[in-house]
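Novice: Provided herewith is a single structure, encoded as structure tokens, for subsequent inquiry.
The values are calculated or read from the model by the stated rules, or taken from the named source; none is laboratory data. Fair warning: this is a prediction, and the values are worked out from it, not measured in the lab. Heads up, the Cβs are rebuilt from the backbone with ideal geometry, glycines too, and the neighbour counts pull from every protein chain shown.
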Amino acid sequence: MPLILITGLPTSGKSTRAAQLYDYLTERIAAESSSSSTPKFRLHLISDQSLSISRSVYDLDPAHTPAHVRSANASEKDARAALYGAVKRVLSPRDIVILDTLNYIKGWRYQLYCEAKNLQTPFGLVQIGCPVARARGVNEARIRRSEQQEQQEEEQKAGNGTTKDEPTTTSTSTTTTTTTTTAAAAAAGAAPKSGDLYPETYQQSHQNWQQKQFEEESTGPDFEDVTLSPTDSQEPYTPRSNWENLVFRYEEPNPMSRWDSPLFIITWDDTPTDTKATFDQIWDEVIVNKPQKLIRANKSTVQRDKDPGGDYLYVLEKETQDIVKRILEQQAEVGEGGTVRLSRSGTKEEGEEMLEVELPGKKVGLPQLQRYRRAFVALNRGGIGLEAVGTLAAGRLRESFVGYLNDAFEKEM
Ligand code: ADP
Ligand code: MG
């Protein structure tokens, strides 16, 4: 069953929505399967966390790469390979997979879309809408929290190491003096209330820190103050440049391209009712209904009839030329990666089933289309005594050429 990708900026609320979608689907699957004892579908939530992928794999700055990691870029590739493998292992006609990771690269989404298509299983994309400043605020809050935790751990460690003869008060103040000079400690609110207990050096350093913080805040990047949920325990993206770079690299989904559609958008501010409405839509469009059926002939040659017909070659030329012309016309409207819809009969009859050509991610030109057309014509003109050339209805020929083009374009992405 379907593969549903969650995408969005780092720390924009993806996992929150993914978990909600997981709960929603669990309930719906249970309701659907209530008559039979075994559930109709199995549900899987795959994420960076479920595969223990650290945020640091996304940091492309080689200066921050730990010694044991092959290279900054390779670590992200390894992470993607792990995610891909995990999806591939479970995705099947009975398994619904929610993939909660950044999914920010167009080519990566395309790869997953193809994976679903190969299994003839539906595909959908959920984008989380969140202002950049708010997403940044989440990362900042996580940085603050993890610094606080580190601080507490350090304090505990230092506290445990206290020698017996020293009075407790002294030891506490000593510990604080050595550790709270870090910005983290002050940020954590660990700074003591009364200055009397603490040596001047501490007060001085705290003041310096406050001053520095003020300067950074007034010149630093814009972020909203966000309160993390009490159960939040995710690590932040550090250093901050890791987060900023991911925002910069983010490739917005384009609902016109087939690997980004159907696209559902959920924003941070969507109420439970809004969210449920979108989930209902996902259920209807992605899980229950097969997406629009594409007519895809996978064979590059056309099945021929027994009786040869005189105007076969003429029809072959005419119909393929017509398709080339229409693709070029429609490409201007739908853009790269879009879907071109063509009449099967060539005359567009009422209620007719349409053929669809899925364009590659880059613009196709006339010379390229003509090359494909000539190759297709050569394959299908027959005549080398392999098979008898048969008459072919224009519709079947058009369908076959569309299938041929789809296969060719797919290899081009
Ligand atoms: P991501 O998976 O994109 O990193 P998370 O889902 O982990 O983001 O969310 C980050 C933090 O923001 C969490 O503490 C979460 O509780 C909070 N959060 C996320 N989405 C919302 C929302 N729609 N409303 C309120 N808080 C949210
Ligand atoms: Mg997450």
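Novice: Being among the small types (Gly, Ala, Ser) and over 13 Å from LEU3 (Cβ atoms) is the filter here; which residues of segment 74-114 pass it?
Specialist: ALA74, SER75, ALA79, ALA81, ALA82, GLY85, GLY107
Novice: Looking at ARG17, ARG55, which one is closer than 20 Å to ARG136 by Cα and touching a Pro at 6+ places or on another chain (Cβ under 9 Å)?
Specialist: Values: ARG17 fails: touching a Pro at 6+ places or on another chain (Cβ under 9 Å).
Checking each option against the conditions leaves just ARG55.
Novice: Which residues, taken from segment 109-139, are assigned to a helix (DSSP H, G or I) and away from ligand 2 (no atom under 16 Å from the Cβ)?
Specialist: ARG109, TYR110, GLN111, LEU112, TYR113, CYS114, GLU115, ALA116, LYS117, ASN118, VAL132, ALA133
Novice: Moving on to the next point. Looking at (1) more than 16 Å from ligand 2 (Cβ to nearest atom); (2) assigned to a helix (DSSP H, G or I), which one does ARG17 not meet, given that it meets all the others?
Specialist: (1)
Novice: Could I ask something else about it? Given ARG55, ARG109, ARG94, which one is within 16 Å of the chain's Cα centre (by Cα), within 29 Å of VAL288 (Cβ to Cβ) and surrounded by 13 or more Cβ atoms within 10 Å (Cβ to Cβ)?
Specialist: After applying the criteria, what remains is ARG109.
Novice: Would you check which residues across segment 74-104 are part of a loop (DSSP other than H, G, I, E, B) and either aromatic (Phe, Trp, Tyr) or within 16 Å of ligand 1 (Cβ to nearest atom) (or both) and list them?
Specialist: THR101, LEU102, ASN103, TYR104
Novice: Something else now. Scan segment 1-16 for residues that are more than 7 Å from ligand 1 (Cβ to nearest atom) and within 16 Å of HIS44 (Cβ to Cβ) and jot them down.
Specialist: Across segment 1-16, the qualifying residues are MET1, PRO2, LEU3, ILE4, LEU5, ILE6.
Novice: Just checking, how many residues over segment 124-144 are within 11 Å of ligand 1 (Cβ to nearest atom) and among the small types (Gly, Ala, Ser)?
Specialist: The number of residues fulfilling the criteria is 4.
Novice: Does LEU60 fit the bill of being more than 16 Å from ligand 1 (Cβ to nearest atom), crowded, with 20+ Cβ neighbours inside 10 Å and touching a residue at least 60 places away in the same chain (Cβ under 8 Å)?
Specialist: Here the answer is no, as LEU60 does not meet what is asked.
Residues checked against (1) of a type in the set (Ser, Thr, Tyr); (2) in contact with a strand residue (DSSP E or B) (Cβ under 7 Å, 6 or more places away or on another chain); (3) loosely packed, with under 13 Cβ neighbours inside 10 Å:
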residue	(1), (2), (3)
SER229	yes, no, yes
ASP232	no, no, no
GLU235	no, no, no
PRO239	no, no, no
ASN242	no, no, no
VAL247	no, no, no
GLU251	no, no, no
PHE264	no, yes, no
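Novice: Can you pull out every residue in segment 67-91 that is among the β-branched types (Val, Ile, Thr), more than 15 Å from the chain's Cα centre (by Cα) and either within 27 Å of ARG42 (Cα to Cα) or at pLDDT 95 or above (or both)?
Specialist: Listed by number, the list holds a single entry, VAL90.
Novice: Quick check on my filter: what residues within segment 213-270 are in a helix (DSSP H, G or I), farther than 30 Å from VAL357 by Cβ and at pLDDT below 90?
Specialist: GLN213, PHE214, GLU215, GLU216, GLU217, SER218, THR219
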